[in-house]
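K.L.:
Take a look at this one; I'll ask things after.
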Amino acid sequence: MESTHEPADAVAKGVLATARQSWTDLFRWKQRVVVTNAYGEQATEWAKPVPLRNPISLMAQLSARDWLFFIVGFLAWSADAFDFHALSIQQAKLAAYYGRSKTDISTAITLTLLLRSLGAAVFGLAGDKWGRKWPMVFNMVVLGILQIATIYSTTFAQFLGVRALFGLFMGGVYGNAIAMALENSPVDARGLMSGILQQGYSFGYVCAACANLGVGGGTESWKTVFWIAAGASIGVGLIRCFFPESRQFLEARAAGKAHAHPSAFWKETKIMLAQEWKMCIYCVILMTWFNYYSHTSQDSYTTFMLTQKELDNSGASRASIIMKVGACVGGTIIGYISQWFGRRRTIVVAALISAALIPAWILPTKESALSATGFFMQFFVQGAWGVIPIHLNELSPPAFRSSFPGITYQLGNMISSPSAQIVNAIAENHFIISRSGKLVEAYGPTMGIATAIIAMGIVVTAAFGPEKRGREFEKIKPAGMNVVQEGENTSDLEVGRSPSVGSDGKAGVEQLEGGQNEKTANEKRET
């Protein structure tokens, strides 16, 4: 962001005031920012977005070490998605294997999504307290072991139990992955890198669909896909063992270690929750809409093509692969544009276009047409998603960039966990006539209506919500090192100032991280 030095009204406080201001600011090209000088004095002014730079030059800003952390985060998120979609795209096979309905099989998806929030809390807080490395290593290895355990589940009850446990460990990946991948990215490159990172999810889906296409449509062929998924997860965990902890985390921990106290982490966590509970609720609502958005539009799409459109396994798999290639391309491009166009504005436009594409998405009958419209539909669905990793990071309390995004994302996942079950249950109880004249389950109308409602929910929630584009992370210590233990009152962790005691015993001001798009001024105050 480039400052214009034009004064602006202060950032609104309170739910209604923030909603009014956010709605008004959505139609202003300039963005409201808070500037803090070296003495902690704040002023609000207007800043204008810097024009988009060549993406190659943006990526060149990352050092080899930065790229290393980004690639490992991307691979972890891709393996996580592969693990999840190994089940979702093979619901028909698993239903035949266990002799159950597709709605029954989707219960496993619901259980996985329900327990992901608990895993996000446990491993996210571990990542903020002890670093990104070992929580991720443990996560990925256990995920691989649980994929193998799924293969050896001989009864449906065992299958559900393993998938529930799988959800617990799956939940810990997202927060640590995006914190590790994005906290080292230069500010100007964050939109682009966020878009690329989020498409690890789509890339994982493509890999799972390719594996499904390769093994064929046999009833027990699903096991081979799960073996591949297990190898990918364990492999990423082992690779992470050989690389160091995040440099930013180590430097921040070293800077705050002298003043740390064993109870400080939990004290700061309580302070953060007391100060940021409204932001927590907002982000959970936003992520609930987004998780319904992706799961409703993709989890049953292969089943939709197999049943309503009467494609064979190969045709449905090919169309699914092309659909998610569109997601990868859209997420990268639209995430990149958000650095200039704005996070919320980009989300709103992408969601509106996806809603307009719904008829073209569900009405075609041939594989080629379904592939083409699926490509463009997911271009915008995952395009909106491409903004989310950096948007959540920027909205997060600065010291909790591992736990906050992961927990809010997974709580949204938990609330939206019945999405696949809801789609399957409604579709299996309503029927339409297929092109061959058969009575088939109404997956297309069910998914279309639901996705339209969800897209409008995203538009409203983003339009009236906050944005902190361009926020700085570099000066923030890890959680537990931003509070003082000698009885002083800790002020606003979001604004980033807390009382501190100098070596002379006098109170000073410790500069942490700014509020909404805060910049630190280096000039001295005139006297």
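The values are calculated or read from the model by the stated rules, or taken from the named source; none is laboratory data. Small disclaimer: the values here were computed from a predicted structure and weren't measured. Virtual Cβ from ideal backbone geometry, glycine too; neighbours counted across all protein chains shown. Areas reflect the complete protein model, heavy atoms only, side chains present, ligands, DNA and RNA absent. Shrake-Rupley method; radii C 1.70, N 1.55, O 1.52, S 1.80 Å.
K.L.:
Go through GLY14, GLY73 for me and flag whichever is on the phi < 0 side of the Ramachandran plot, at pLDDT 85 or above and of a type in the set (Gly, Ala, Ser).
P.N.:
Values: GLY14 fails: on the phi < 0 side of the Ramachandran plot.
Only one candidate passes the filter, namely GLY73.
K.L.:
Restrict the check to segment 148-165 and report whether at least one residue is assigned to a helix (DSSP H, G or I) and at pLDDT below 90. Walk me through it before giving the result.
P.N.:
At the first step, the residues of segment 148-165 found to be assigned to a helix (DSSP H, G or I) are 148-151, 156-165.
Going one step further and asking which of them are at pLDDT below 90, we end up with none.
There is no residue in segment 148-165 that is assigned to a helix (DSSP H, G or I) and at pLDDT below 90.
K.L.:
When only residues in segment 313-329 that are open to solvent by 20 Å² or more (accessible area, probe 1.4 Å) and of a type outside the set (A, V, I, L, M, F, W, C) count, which is modelled with the highest pLDDT? Break it down into steps so the answer makes sense when it comes.
P.N.:
Applying the first criterion (open to solvent by 20 Å² or more (accessible area, probe 1.4 Å)) to segment 313-329 yields 313-314, 318, 321-322, 325, 328-329.
Now narrow it down to the ones that are of a type outside the set (A, V, I, L, M, F, W, C): 313-314, 318.
Details: ASN313: 82, SER314: 87, ARG318: 90.
Across segment 313-329, the extreme among qualifying residues is ARG318.
K.L.:
To continue, here is another question. Please determine, by comparing only the residues of segment 127-156 that are open to solvent by less than 40 Å² (accessible area, probe 1.4 Å) and more than 20 Å from ILE234 (Cα to Cα), which one is farthest from the chain's Cα centre (by Cα).
P.N.:
PHE156
K.L.:
Which condition number does GLU310 fail, the rest of (1) surrounded by fewer than 24 Cβ atoms within 10 Å (Cβ to Cβ); (2) touching a helix residue (DSSP H, G or I) at 6+ places or on another chain (Cβ under 8 Å) being met?
P.N.:
(2)
K.L.:
Here is a list: ILE347, ILE362. Which entry is surrounded by fewer than 24 Cβ atoms within 10 Å (Cβ to Cβ) and in contact with a helix residue (DSSP H, G or I) (Cβ under 9 Å, 6 or more places away or on another chain)? Can you show your working first?
P.N.:
Values: ILE347 fails: surrounded by fewer than 24 Cβ atoms within 10 Å (Cβ to Cβ).
Just one listed residue meets the conditions, ILE362.
K.L.:
Output the strands (runs of 3 or more DSSP E) that fall wholly within segment 1-97 and possess 1 or more residues being in contact with a Ser or Thr (Cβ under 8 Å, 6 or more places away or on another chain), more than 30 Å from PHE203 (Cβ to Cβ) and of a type in the set (A, V, I, L, M), or say none. Please lay out each step first, then the result.
P.N.:
Numbers: elements: 2-7, 31-36, 42-48.
By residue number, 31-36, 42-48.
K.L.:
Restricting to segment 1-41, name every residue that is within 11 Å of PRO466 (Cβ to Cβ), surrounded by 18 or more Cβ atoms within 10 Å (Cβ to Cβ) and either of a type outside the set (S, T, N, Q) or free of Cβ contacts under 8 Å to residues at least 40 places away in the same chain (or both).
P.N.:
VAL11, ALA12, GLN21, ASP25, ARG32
K.L.:
Based on this model, can you work out whether GLU367 counts as within 30 Å of ARG163 (Cα to Cα) and among the charged types (D, E, K, R)?
P.N.:
Working: within 30 Å of ARG163 (Cα to Cα): no; among the charged types (D, E, K, R): yes.
In short, no.
K.L.:
Something else about it: Would you check if MET377 is part of a helix (DSSP H, G or I), modelled with pLDDT of 90 or more, in contact with a Leu (Cβ under 6 Å, 6 or more places away or on another chain) and not hydroxyl-bearing (Ser, Thr, Tyr)?
P.N.:
Yes: the conditions hold for MET377.
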